[in-house]
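Heads up, the thing below is written out as structure tokens.
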Amino acid sequence: MDGFFPVFVNVVVPIMAGLVFFALARYVKHIAPMRTLVTGQLTYAGAYWGFLFLGFYLATRPVQILLGPHPWPLIINNLREFLMIGLFGPAVVIAILSLVFGSDRLPNALVGGVVLLGMMLATTFVVVNIFAIGGSEEIFRIGRWVANDGLWFKTTDVAHAKLMGMLFMIRFVDPVLLVFLSGTLVFWHARHYPVDKKLLYDNMPKKLYLLAIACFAFSLSMLSVGLIFLVAHIPNQWWIYYLGSLAAGFLETFSLALPLKKGVVISEHSRTLFH
């Protein structure tokens, strides 16, 4: 059992969560032509890229720990974090802003500014991460495969603690805070969904509530990992936000699966309506 848990949370759960988001990206790309008239083109474009980038981030956790000792955990982690901070976070914000306010109401400067912010934070994270890792250590074995991860939490000197604080703050801003604020905006939109639109798309508030809860599940699970280390000094509890991401993926699936209108089933293949 002691050997099963680290393999399950470091290999099985990340791959499962990644596959869920890959499937969501594929589904979003498939239904986008039918839904963009209701939600706006940027909504589904942002959702597609956001799901795709998050899928890569989650599914490549086993690559990070099984490819070899230092510097491989650092190299793969930097690639993964750049995807999440530089691309996933901005994609989620743009998709939600388009969903709530409409694609045609989003200035190009705002969209470009969100992307630029993500890229700057991601680049800063990568640079700081290089100095913060401190090497690698074995975390478990699978036969001849040795899993190694970074020593981010092992060094206790003041300089290293400052670097870890910087990494925590960058992650707190993007994606934790960005996704949480996006979920809050979606929740507000669901509670104040226009009456005239609700008469036509009466399932939309429910879809929005599920989307908001998915955002909260992802952001709060990621935040809890950092708080557990800061408050209880228990490091490397990554499995919490992998499970949170998996839960968010299922909630997103339920949200997308709901038709826009109750009592109407949409065939995504024939694009016809059946009552």
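The values are calculated or read from the model by the stated rules, or taken from the named source; none is laboratory data. A quick note: this is a predicted structure, and the numbers were derived from the prediction, not measured. No Cβ is skipped: glycine too gets one built from the backbone with ideal geometry, and neighbour counts run over all protein chains shown. Ligands, DNA and RNA are stripped out before the accessible areas are found, and what is left, the full protein with its side chains, is counted by its heavy atoms. Shrake-Rupley method; radii C 1.70, N 1.55, O 1.52, S 1.80 Å.
Would you kindly find the accessible area of residue 158, with a 1.4 Å probe and non-protein molecules such as ligands, DNA and RNA excluded, rounding to the nearest 10 Å²?
100
Which angle from 0 to 90°, rounded to the nearest 10, does the C-alpha axis of helix 204-232 make with the longest principal axis of the chain?
The two axes meet at around 10 degrees.
Kindly write out, for the range 41-47 in residue order, the coupling ³J(HN,Hα) from the Karplus curve 6.51 cos²θ - 1.76 cosθ + 1.60 (θ = phi - 60°), rounded to whole Hz, with x marking Gly and Pro.
5, 5, 4, 7, 5, x, 5
Report the full-extension gain for the segment residue 41 to residue 227: residue separation times 0.36 nm, less the Cα-Cα distance, to one decimal in nm.
Stretched out fully, the residue 41 to residue 227 stretch lengthens by 63.3 nm.
For the range 10-164, what is the Kirkwood estimate of the hydrodynamic radius, computed as the reciprocal of the mean inverse distance between distinct Cα atoms, to one decimal in Å?
After inverting the mean inverse Cα-Cα distance, the result is 17.1 Å.
Can you give me the orientation-averaged projected area of the convex hull built on the Cα atoms of the range 59-100, in nm²?
Working: hull surface 11.9 nm².
Taking the Cα atoms of the range 59-100, their convex hull projects to 3.0 nm² on average.
Applying a 10 Å radius around every beta-carbon, put 142-151, 231-240 in order of their mean neighbour count, most first.
142-151, 231-240
Taking the convex hull of the alpha carbon atoms in the chain, what volume per residue do you get, in Å³?
136
Using the Karplus curve 6.51 cos²θ - 1.76 cosθ + 1.60 with θ = phi - 60°, what ³J(HN,Hα) values do you get for each residue of the range 136-151, in whole Hz, with x for Gly and Pro?
For the range 136-151, the Karplus curve yields 9, 8, 6, 10, 5, 10, 10, x, 8, 7, 10, 8, 10, 9, x, 9 Hz.
Let me spell out the model: positive unit charges on the Cβ of Lys and Arg, negative unit charges on the Cβ of Asp and Glu, origin at the Cα centre of the chain. What dipole size does that give, in debye rounded to 20? Display every interim value, and only then the final one.
Details: 19 positive and 12 negative charges, 155 e Å.
The calculation lands at about 740 debye.
How many Lys pairs in the chain lie less than 21 angstrom apart by Cα atoms, where the lysines are 8 or more positions apart or on different chains?
Lysine pairs satisfying the spacing and distance rule in the chain number 15.
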